[in-house]
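Visitor: First, the structure itself, so that you have it in front of you.
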Amino acid sequence: MASNGVSVSGGGGLVISFGEMLIDFVPTVSGISLAQAPGFLKAAAGAPANVAIAVARLGGKAAFVGKLGEDEFGRMLAAILRENGVDDGGVRFDGGARTALAFVTLRADGEREFMFYRNPSADMLLRPDELDVDLIKKATIFHYGSISLISEPCRAAHPRAMDIAKDSNSLLSYDINLRLPLWPSPEEAKHQIKSIWNKTDIIKVSHVEFEFLTGDSSLSDETAMSSLFHENLKLLLVTIGEKGCKYYTKNFKGIVGSINVKAIDTTGAGDAFVGALLRKIVDDQSVLQDEKRLREILRFANICGAITATKKGAIPSLPKEQEVLALLKEAKEA
């Protein structure tokens, strides 16, 4: 069954996110194990959905394509998309599978550990014939992760959606979002993650994912260019937490710093970073060839990620542009 769909309005290019949306259950007390948690807070989650909402919250046009359970959680998540200005017309509902759940522990340093409930969950069951082809064709940027490559039939729907978008001249954006506990093996994860690598225009990896894919913990520029950069890639990004991010194009490379914040929960920080980047380039992709302007945008994106890490939960923490601009001004005046 399809969602009723609420279309976004206004001008500008459309960012479409493809993949999973789920429910995170986060302990009410940080720095303890799941078994020790006295209670949990329910929060909407899923990296591609977070990115779509991040784009919308920054004033952009966004849509989400994926599958939810025909259950209360699924309907709640679709409503959250609409409430945040994201077009949910590409959402499908499955009456035979539940919406995915994840229990997420917050360690004392703000980093996360996961326990997933997917056996299978609805997002894994999106079929190629269920894709909203007309919606996907409207994408200026088509964004996705790797979780939708874990199992069929969604594994087949994923490249099909990419092909539809690419044939419509969409820019393809890939945030790896590695979750090893969901994969049958690390080897299978590497194989599937790399299976769509060379089709993508923008790739973002974290420093942990960089090491996983290359075996290089030093994040060397040589490894980035020889192992991760491909002939048709327009931009490779490596996020390095509070230190900011490294960037690579065919013509230039560098590093852009972030700001110091007290990290409470890093959930969604990478998604905020990606959403901010896509929001800023969707209407002017020439910025990818202009290092000065790209660095300004990456600084903006870094601060979006930093702000998100100062609060619990991904979606409630995603900033609006005024909040980011205020911090940018403070940083310049300091």
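Visitor: Going residue by residue through the range 183-199, is there one that turns out to be surrounded by fewer than 23 Cβ atoms within 10 Å (Cβ to Cβ), touching a Leu at 6+ places or on another chain (Cβ under 7 Å), polar (S, T, N, Q) and closer than 27 Å to Gly241 by Cβ?
Guide: yes
Visitor: Of the residues in the range 151-174, how many are of a type in the set (D, E, K, R) and open to solvent by less than 10 Å² (accessible area, probe 1.4 Å)?
Guide: Selection size over the range 151-174: 0.
Visitor: Pick out the one residue from Ala301, Ala276 that is open to solvent by less than 10 Å² (accessible area, probe 1.4 Å), free of Cβ contacts under 8 Å to residues at least 60 places away in the same chain, assigned to a helix (DSSP H, G or I) and under 16 Å from Leu328 (Cα atoms).
Guide: Just a single option satisfies the conditions, and that option is Ala301.
Visitor: Ok, one more. Taking interchain pairs and intrachain pairs at least six residues apart, which have beta carbon atoms under 9 angstrom, with the first residue in the range 122-142 and touching a residue at least 40 places away in the same chain (Cβ under 8 Å) and under 11 Å from Ala62 (Cα atoms) and the second of a type in the set (Lys, Arg) and buried (at least 21 other Cβ atoms within 10 Å of the Cβ)?
Guide: Thr140/Lys61
Visitor: In the range 65-98, what residues are of a type in the set (Val, Ile, Thr) and within 17 Å of Ile315 (Cα to Cα)?
Guide: Across the range 65-98, the qualifying residues are Ile80, Val86.
Visitor: Continuing with this model, one more query. Does the range 23-42 hold any residues that are open to solvent by less than 50 Å² (accessible area, probe 1.4 Å) and either at pLDDT 95 or above or of a type in the set (Val, Ile, Thr) (or both), and which are they?
Guide: Of everything in the range 23-42, those that are open to solvent by less than 50 Å² (accessible area, probe 1.4 Å) and either at pLDDT 95 or above or of a type in the set (Val, Ile, Thr) (or both) turn out to be Ile23, Val26, Ile32.
Visitor: So which pairs qualify, if the first residue must be in the range 48-64 and without any contact (Cβ under 8 Å) to a residue 24 or more places away in the chain and part of a loop (DSSP other than H, G, I, E, B), the second must be open to solvent by 10 Å² or more (accessible area, probe 1.4 Å) and of a type outside the set (Lys, Arg), the Cβ gap must be under 6 Å, and the two must be at least 6 apart or on different chains?
Guide: Once the first residue is without any contact (Cβ under 8 Å) to a residue 24 or more places away in the chain and part of a loop (DSSP other than H, G, I, E, B) and sits in the range 48-64, no partner that is open to solvent by 10 Å² or more (accessible area, probe 1.4 Å) and of a type outside the set (Lys, Arg) comes close enough.
Visitor: Further, regarding this structure: Among the numbered criteria (1) out of contact with any helix residue (DSSP H, G or I) (no Cβ under 7 Å at 6 or more places or on another chain); (2) open to solvent by 40 Å² or more (accessible area, probe 1.4 Å); (3) touching a residue at least 24 places away in the same chain (Cβ under 8 Å), which single criterion is violated by Lys253?
Guide: (1)
Visitor: Determine whether the range 53-72 contains at least one residue that is open to solvent by 10 Å² or more (accessible area, probe 1.4 Å) and touching a Phe, Trp or Tyr at 6+ places or on another chain (Cβ under 6 Å).
Guide: Yes, there is a match, as at least one residue in the range 53-72 is open to solvent by 10 Å² or more (accessible area, probe 1.4 Å) and touching a Phe, Trp or Tyr at 6+ places or on another chain (Cβ under 6 Å).
Visitor: Among residues belonging to the range 279-298 that are under 19 Å from Ile16 (Cα atoms) and assigned to a loop (DSSP other than H, G, I, E, B), point out the one that is least open to solvent (accessible area, probe 1.4 Å).
Guide: Restricting to residues being under 19 Å from Ile16 (Cα atoms) and assigned to a loop (DSSP other than H, G, I, E, B), the top hit is Val282.
Visitor: Does Leu236 meet the test of being modelled with pLDDT under 80 and touching a Phe, Trp or Tyr at 6+ places or on another chain (Cβ under 8 Å)?
Guide: Criteria not met by Leu236.
Visitor: Filter the range 214-237 down to residues that are open to solvent by less than 30 Å² (accessible area, probe 1.4 Å) and touching a residue at least 24 places away in the same chain (Cβ under 8 Å) and give me whichever is nearest to the chain's Cα centre (by Cα).
Guide: Selected residue: Leu237.
Visitor: For residues that are of a type outside the set (Lys, Arg), part of a loop (DSSP other than H, G, I, E, B), modelled with pLDDT of 95 or more and out of contact with any helix residue (DSSP H, G or I) (no Cβ under 7 Å at 6 or more places or on another chain), tally how many sit in the range 114-165.
Guide: 4
The values are calculated or read from the model by the stated rules, or taken from the named source; none is laboratory data. None of the values given here were measured: they were computed from a predicted structure. All Cβ positions, glycine included, derive from the backbone under ideal geometry; neighbour counts span all protein chains shown. To get the accessible areas, we keep the full protein, side chains included, count just its heavy atoms, and leave off ligands, DNA and RNA. Shrake-Rupley method; radii C 1.70, N 1.55, O 1.52, S 1.80 Å.
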